[in-house]
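Here is the structure we will look at, set down as structure tokens.
The values are calculated or read from the model by the stated rules, or taken from the named source; none is laboratory data. Computed from a predicted model, the values in this text were never measured in an experiment. With ideal geometry, Cβ positions are generated from the backbone for all residues, glycine too; neighbour counts draw on all protein chains shown.
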Amino acid sequence: MFKNYRRLDDNNLINLYVNNADDKAFTEIYTRYVSYVYSYVYTRVGNTAWTEDIVGETFISLIELSKKYNNSCKLSSFIIGISLNKIKQYREKNNNSKFIDIDEELYIQNEEYEVEFSKTKSEIVMNILDKLPENYKQILIERFINNLTMKEAAEKLGISEENVRVLQHRALKKAAILGGDLL
């Protein structure tokens, strides 16, 4: 149907999958979020095999729950909410105390599994972004908040991909220093 799924936003992708049984749309959703979900789960369970199981179960559940997604929250929050529930289920099933405790600042807001992060963490991020030079701030926003590729960020900002790489490296280095000062 569509040639370039990467250009579609999450809501269009989930609608294509739910309404048209478009597997390529789901593949794009998976591609966008699998690394993010893997990192999130791994930091909470600390075991590669368990993480892989939980991530797999998360995306299987997403297939089953995708019809219940109603755009009231970000798709990433919906997916992370599913993974949180899978972590809890896996803990109960395996009765294993070696799991890393789930961050107490996260909570499930409603049945749609929306996850909200504490204001303190988002305030720290906003403070760091506010203290960065505008070009560093824009690079980090485009790359990590808007999830653009290097090429997409370069096109949007009107600079070369190499310039994006260099600015991103410098921005992350500066943000790390600022983050240490704020904590």
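Observations on the model:
Rundown of residues vs (1) surrounded by fewer than 14 Cβ atoms within 10 Å (Cβ to Cβ); (2) charged (D, E, K, R), yes/no style:
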position	(1), (2)
Ala21	yes, no
Ile29	no, no
Tyr38	no, no
Thr43	yes, no
Glu57	no, yes
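- Taking the criterion of being among the hydrophobic types (A, V, I, L, M, F, W, C) and in contact (Cβ under 8 Å) with a residue 24 or more places away in the chain, the residues of the stretch 130-170 that qualify are Leu132, Ile139, Leu140, Val164, Leu167.
- Of all residues making up the stretch 69-102, the number that are modelled with pLDDT under 85, surrounded by fewer than 17 Cβ atoms within 10 Å (Cβ to Cβ) and part of a helix (DSSP H, G or I): 3
- Of residues in the stretch 45-55 being over 16 Å from the mean Cα position of the chain (by Cα) and at negative phi, the one surrounded by the most Cβ atoms within 10 Å (Cβ to Cβ): Val45
Yes or no, residue by residue, for (1) modelled with pLDDT under 90; (2) within 27 Å of Ser77 (Cβ to Cβ); (3) out of contact with any strand residue (DSSP E or B) (no Cβ under 8 Å at 6 or more places or on another chain):
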site: Leu129; (1), (2), (3): yes, yes, yes
site: Asn146; (1), (2), (3): yes, yes, yes
site: Gly158; (1), (2), (3): no, no, yes
site: Gln168; (1), (2), (3): yes, yes, yes
site: Lys173; (1), (2), (3): yes, no, yes
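- Selection status of Ala25, surrounded by 13 or more Cβ atoms within 10 Å (Cβ to Cβ), small (Gly, Ala, Ser) and free of Cβ contacts under 8 Å to residues at least 60 places away in the same chain: yes
- When the criteria are applied in full, Arg32 meets the requirement of being within 19 Å of Thr149 (Cβ to Cβ), touching a residue at least 60 places away in the same chain (Cβ under 8 Å) and not polar (S, T, N, Q).
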